[in-house]
Amino acid sequence: PDVHVSAGEVHASVIGPQTNAHHQSLVIGVLWPLGRGNVGYGANVGSNHTGRLPDQETLAAEGAFWGLSTVIKFPVDLSFSPYSLIAAGTTVVPQRIVMPFSLVVDNDIIPGWVLRNSPYTLSRSATKFATRRKATRHDLYTGWEIMRPHVMNICLSARRALQNAATTKDGIYRGDRAVAGIGKAVLSEKGRLVGIQAYTDCVRRYALLGLLQYCQEQTTTTTTTTTMEQQLEREFESASTSTTIHMYDDDNLTKPQWPILPWEDEDFWNHQKAVLLHEFPRTTEASSSWMTWMVHLLSHELVPLEQDYAKRIYTSKRRDDMRGEQIIPAYEESHVAANDDPVIQAANAQAVNVERAVQTILARINSSTTTTSASTTSAVVVSARSRL
């Protein structure tokens, strides 16, 4: 549903929702069930004939962007690299890449590049997927979240592969033998560090937003901090023993397999709890309560992450504006400036709303603490008077 093919050739392929191929290009023998991608002019996706038989195929990632004049030599599997960009003029040789939100330029890869350098792409896409859906009978098949449990599991797995990479003399990592999941690409030390930070921020923000939603729901019905502490303990103690994160080890990263489809994915909140405990393990000191842990995460982790994400969305768009203004006369007269861009305004509003929501939760907690203390004092006075 909602696929737009207006030029070029799409042949012997399965194309998922909201995929766009508006230009002269070739898509042949492509399995792209989750769609949501774009095919640039002159993209050859791809080379399915070995000279013996036309029996090769490519498994495309959700949200993949095939740049201008890319050449994809089959077989290629990018299904575990959602929302990745194949830059203009790049030739991709047969391989499997497991690095979500990445940029592939020639034979180089930057893991998590979209998250760090072009989050505007993701924010705009999320809005576009929600507002441009015309298929009325396919909500389940077209309305899933970009940031969901399976995608976060891939990010965690990719981060671990990057962290486990053995140091090289020249700071260059070549292929899966150096870093599982980069296929036959080349990775720099700088790119490795970018990927680790990008995936860390992504999974933490995803989990912390889940915690914020949970706390908003609980603080509207919970009257005392004691009750809130008990609820947090009950919620997370059970999660620590019953919920695990399905991460792929290095061998599984390079093993051919199908991704988990969005409608088959696990429960969001259960998964977010597991990620929170994995990323922010609570100390066992007696003075460290679940309430203290939760307050710290919301105020010192989530708020700065959300502000940084909004800033990166702005910076990625502003960078384009500055380049255009330096090259094209009167560029600013015919383009929407970053400050006026609705995607950026929405991101800034989201950051403000998150901070306000956290402040509201903290205020309710403080109010409950004061009320509890006052009630305790009153009870002591009444008890003392009864003894007189």
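The values are calculated or read from the model by the stated rules, or taken from the named source; none is laboratory data. Quick caveat: nothing in here was measured; it's all calculated off a predicted structure. As a convention, Cβ positions derive from the backbone with ideal geometry for all residues, glycine included, and neighbour counts pool all protein chains shown. Heavy atoms of the whole protein, side chains included, go into the accessibility calculation; ligands, DNA and RNA do not. Shrake-Rupley method; radii C 1.70, N 1.55, O 1.52, S 1.80 Å.
The single condition from (1) within 28 Å of ALA346 (Cβ to Cβ); (2) in contact with a strand residue (DSSP E or B) (Cβ under 8 Å, 6 or more places away or on another chain) that THR91 fails is (1).
Among the residues of segment 9-47, those identified as among the small types (Gly, Ala, Ser) and more than 19 Å from LEU85 (Cβ to Cβ) are ALA12, SER13, GLY29, SER47.
Could you tell me whether segment 62-81 includes any residue that is in contact with a helix residue (DSSP H, G or I) (Cβ under 6 Å, 6 or more places away or on another chain), within 17 Å of ILE182 (Cα to Cα), crowded, with 20+ Cβ neighbours inside 10 Å and of a type outside the set (Lys, Arg)? Taking every residue of segment 62-81 in turn, at least one turns out to be in contact with a helix residue (DSSP H, G or I) (Cβ under 6 Å, 6 or more places away or on another chain), within 17 Å of ILE182 (Cα to Cα), crowded, with 20+ Cβ neighbours inside 10 Å and of a type outside the set (Lys, Arg).
When you check PRO256 against the structure, is it loosely packed, with under 13 Cβ neighbours inside 10 Å, within 30 Å of TRP32 (Cβ to Cβ) and modelled with pLDDT of 85 or more, yes or no?
Yes; evaluated as a whole, the condition is true for this residue.
Could you list, in sequence order, all residues of segment 148-167 that are under 17 Å from the mean Cα position of the chain (by Cα) and open to solvent by 40 Å² or more (accessible area, probe 1.4 Å)? If the condition is that a residue be under 17 Å from the mean Cα position of the chain (by Cα) and open to solvent by 40 Å² or more (accessible area, probe 1.4 Å), then ARG160 is the only one that fits. Can you say whether THR131 is open to solvent by less than 20 Å² (accessible area, probe 1.4 Å) and at pLDDT below 95, as far as the supplied structure shows? No, not satisfied.
Being open to solvent by less than 20 Å² (accessible area, probe 1.4 Å) and either under 24 Å from PRO262 (Cβ atoms) or out of contact with any Leu (no Cβ under 8 Å at 6 or more places or on another chain) (or both) is a property that does not hold for GLY143. From the list HIS278, HIS300, HIS271, exactly one residue is at pLDDT 90 or above, outside any loop (DSSP other than H, G, I, E, B) and surrounded by fewer than 14 Cβ atoms within 10 Å (Cβ to Cβ). Which is it? From the options HIS278, HIS300, HIS271, the qualifying one is HIS300.
Scan segment 224-242 and give yes if some residue there is of a type outside the set (S, T, N, Q), under 21 Å from HIS150 (Cα atoms) and open to solvent by 10 Å² or more (accessible area, probe 1.4 Å), otherwise no. No; the residues of segment 224-242 include none that is of a type outside the set (S, T, N, Q), under 21 Å from HIS150 (Cα atoms) and open to solvent by 10 Å² or more (accessible area, probe 1.4 Å).
For the residues SER69, SER81, the requirement of being touching a Pro at 6+ places or on another chain (Cβ under 8 Å) and either modelled with pLDDT of 95 or more or at negative phi (or both) singles out SER81.
Cβ-Cβ distances below 8 Å connect no pair with a first residue in segment 100-111 that is closer than 15 Å to LYS190 by Cα, a second residue that is in a strand (DSSP E or B) and open to solvent by 60 Å² or more (accessible area, probe 1.4 Å), and a separation of six or more residues or different chains.
Residues in segment 181-202 that are surrounded by fewer than 23 Cβ atoms within 10 Å (Cβ to Cβ) and aliphatic (A, V, I, L, M): VAL186, LEU193, VAL194, ILE196. Here PRO329 meets each of (1) assigned to a helix (DSSP H, G or I); (2) modelled with pLDDT of 95 or more; (3) surrounded by fewer than 16 Cβ atoms within 10 Å (Cβ to Cβ); (4) not charged (D, E, K, R) with one exception, condition (1).
All of ARG116, ARG124 fail the test of being in contact (Cβ under 8 Å) with a residue 60 or more places away in the chain, open to solvent by 30 Å² or more (accessible area, probe 1.4 Å), closer than 14 Å to TYR199 by Cα and assigned to a helix (DSSP H, G or I), apart from ARG116. Residues of segment 1-37 that are of a type in the set (Val, Ile, Thr), open to solvent by 20 Å² or more (accessible area, probe 1.4 Å) and part of a loop (DSSP other than H, G, I, E, B): VAL3 alone. Taking helices (runs of 4 or more DSSP H) as the structural unit, those lying wholly within segment 137-233 and holding at least 1 residues that are over 15 Å from PHE101 (Cβ atoms) and among the hydroxyl-bearing types (Ser, Thr, Tyr) correspond to 139-142, 189-219.
Restricting attention to segment 171-220 and to residues that are of a type in the set (Gly, Ala, Ser) and without any contact (Cβ under 8 Å) to a residue 40 or more places away in the chain, the residue that is nearest to ARG160 (Cα to Cα) turns out to be ALA178. Take segment 1-58 and flag every residue that is free of Cβ contacts under 8 Å to residues at least 40 places away in the same chain and of a type in the set (S, T, N, Q). Of everything in segment 1-58, those that are free of Cβ contacts under 8 Å to residues at least 40 places away in the same chain and of a type in the set (S, T, N, Q) turn out to be SER6, SER13, THR19, ASN20, GLN24, ASN38, ASN44, SER47, ASN48, THR50, GLN56, THR58.
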